[in-house]
Amino acid sequence: MLSGIAAAPRVFGERRVAGPRDAREDGTHAPRAGAPRGERAKRGDGCGRVVERGAAQAIETDHHEHVRHGAARDDTVPGMTRPIESVVVVGYGVMGEGIVRSFADAGFRVTVVSRRARSLAGVPPGVTVTAELPASPSDLVIETIVEEAGAKRAVYKQVEAVYPPETIIGTNTSGLPLETLAAGLAHPERFVGVHWFHPADVFPMVEVVAGPAAPAAILERVATALERTGKEPIVLTRPVVGYVINRLQHTILHEAYHMIDAGIASAATIDKVARWLLGPRMCVTGLVEQKDIAGLTIHAFAQRSIVPTLHHTATPNAMLQSMVARGDTGLEAGRGFFDWAGLDAAAVRRDASARLRALLDTLERLRPAAAPRSRAREELP
């Protein structure tokens, strides 16, 4: 554990916290997280990328295949298939910092646009920092600012005002609908979702999601650029709110918050279960494959009795919303579901990133020699 972290945070009581979003299917191994620059781009290991196309899933192993089945094809737009070399990242918060580092370490020309341009510290060497969009057009603009649709659309409007249609606009939104964000764009075909996971420079996967009008070639260009940074793209050829990871994550969290709110289990108990039961099992056999291994009969019977009792609502958890409203926003505030008083926030994040890197390296060594083929939706009842 890194210096500066004297102990783990204290968990608040069950109701005292507040009042009222793997093995490859072809058996091959992906480069480990943080692999040397260009390792994934060499494609010498036969790696493919996971592509979700509506109901079906496929693995593509040809690095030069530029057509995403299920997305519209449009190779007539100038520069559509040209490799991405320059990246502008708008916003330099917790996520923006990791995104910038990933691109910079891979040799891209990177510019950071931030209102705090004059005071930013720790920016990777060679990265340009400015308060305004640079005059020279960039191949890719990544917006990673506050999760407010109006603020994000204002950024896109500025980009369209100064950059040509060939510049791709990507949003790192974790939950806003791409259809909403793309509304009003003069060139919606340039718009995609590019979603990193925190910490952005550590996690090996990034979701690449087609905007409402994005053609296949746009997804290919972005996915290929991400591979140069050592990431494995998860490509979705149609937009869905929350994409894959956050839809799964928020399904679990919504039930977890309900159990905390109802006094069924504390945050510490839920995290212990996540760390020592769900986490290790999913690391080895995934979420769905594990049910195949255990047998679907018992699982199907269990669903009949458990699913009807789950906390199915379309309303965000009131306890969580109240916590945020009163300032209990987590680590930086010193209080969230846990009491972080006396702990150094930067040290906590460094320690978490270091342990995550170590875990990912271990998982890479534990990849199975072969893996089953994932059946397409059309093969299931």
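The values are calculated or read from the model by the stated rules, or taken from the named source; none is laboratory data. The structure displayed is predicted, hence computed values, not measured ones. Using ideal geometry, Cβ is built from the backbone for each residue, glycine included, and neighbour counts are taken over all protein chains shown.
Let's see how each residue does on (1) at pLDDT below 95; (2) in the same structural domain as ILE169 (by TED's automatic domain parsing); (3) under 24 Å from ILE218 (Cβ atoms); (4) of a type outside the set (A, V, I, L, M):
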| site | (1), (2), (3), (4) |
| --- | --- |
| MET80 | yes, yes, yes, no |
| VAL100 | no, yes, yes, no |
| ALA104 | no, yes, yes, no |
| ARG109 | no, yes, yes, yes |
| SER114 | no, yes, no, yes |
| ARG118 | yes, yes, no, yes |
| VAL127 | no, yes, no, no |
| ALA131 | no, yes, no, no |
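Show me the strands (runs of 3 or more DSSP E) found entirely inside the range 108-151 where at least 2 residues are aliphatic (A, V, I, L, M).
Values: elements: 109-113, 128-130, 140-143.
Strands (runs of 3 or more DSSP E) meeting the threshold: 109-113, 140-143.
Residue-wise test of (1) of a type in the set (Phe, Trp, Tyr); (2) in the same structural domain as VAL88 (by TED's automatic domain parsing); (3) more than 20 Å from the chain's Cα centre (by Cα); (4) under 16 Å from PRO212 (Cβ atoms).
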site	(1), (2), (3), (4)
ALA135	no, yes, yes, no
VAL155	no, yes, yes, no
GLN158	no, yes, yes, no
TYR163	yes, yes, yes, no
ILE168	no, yes, no, yes
THR173	no, yes, no, yes
LEU181	no, yes, no, yes
GLY184	no, yes, yes, yes
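Please go through (1) farther than 28 Å from HIS258 by Cβ; (2) in a loop (DSSP other than H, G, I, E, B); (3) in contact with a helix residue (DSSP H, G or I) (Cβ under 9 Å, 6 or more places away or on another chain) for LEU343 and return the number of the only condition it doesn't satisfy.
Of the numbered conditions (1) farther than 28 Å from HIS258 by Cβ; (2) in a loop (DSSP other than H, G, I, E, B); (3) in contact with a helix residue (DSSP H, G or I) (Cβ under 9 Å, 6 or more places away or on another chain), the odd one out for LEU343 is (1).
Give me the pairs: first residue in the range 189-212 and more than 27 Å from ALA358 (Cβ to Cβ), second residue assigned to a strand (DSSP E or B) and acidic (Asp, Glu), beta-carbon distance under 7 Å, and six or more apart or on different chains, which are they?
That search, which allows pairs on different chains as well, returns GLY193/GLU207.
Go through the range 178-208 and give me each residue that's modelled with pLDDT of 95 or more, of a type outside the set (D, E, K, R) and within 18 Å of THR167 (Cβ to Cβ).
Selection gives LEU178, LEU181, ALA182, LEU185, ALA186, HIS187, PRO188, PHE191, VAL192, GLY193, VAL194, VAL208.
Considering only residues that are surrounded by fewer than 17 Cβ atoms within 10 Å (Cβ to Cβ) and outside any helix (DSSP H, G or I), which ones fall in the range 251-281?
ALA262, GLY263, ILE264, ALA265
Based on what the data block shows, is VAL324 surrounded by 10 or more Cβ atoms within 10 Å (Cβ to Cβ) and modelled with pLDDT of 95 or more?
Working: surrounded by 10 or more Cβ atoms within 10 Å (Cβ to Cβ): yes; modelled with pLDDT of 95 or more: yes.
Yes.
So, in the range 225-250, of the ones that are in a loop (DSSP other than H, G, I, E, B) and basic (Lys, Arg), which residue ends up surrounded by the most Cβ atoms within 10 Å (Cβ to Cβ)?
So the first thing to find is which residues in the range 225-250 are in a loop (DSSP other than H, G, I, E, B), and the list is 229-231, 237-244.
Retained after the next criterion (residues that are basic (Lys, Arg)): 231, 238.
On the way: LYS231: 26, ARG238: 15.
By that ranking, first place goes to LYS231.
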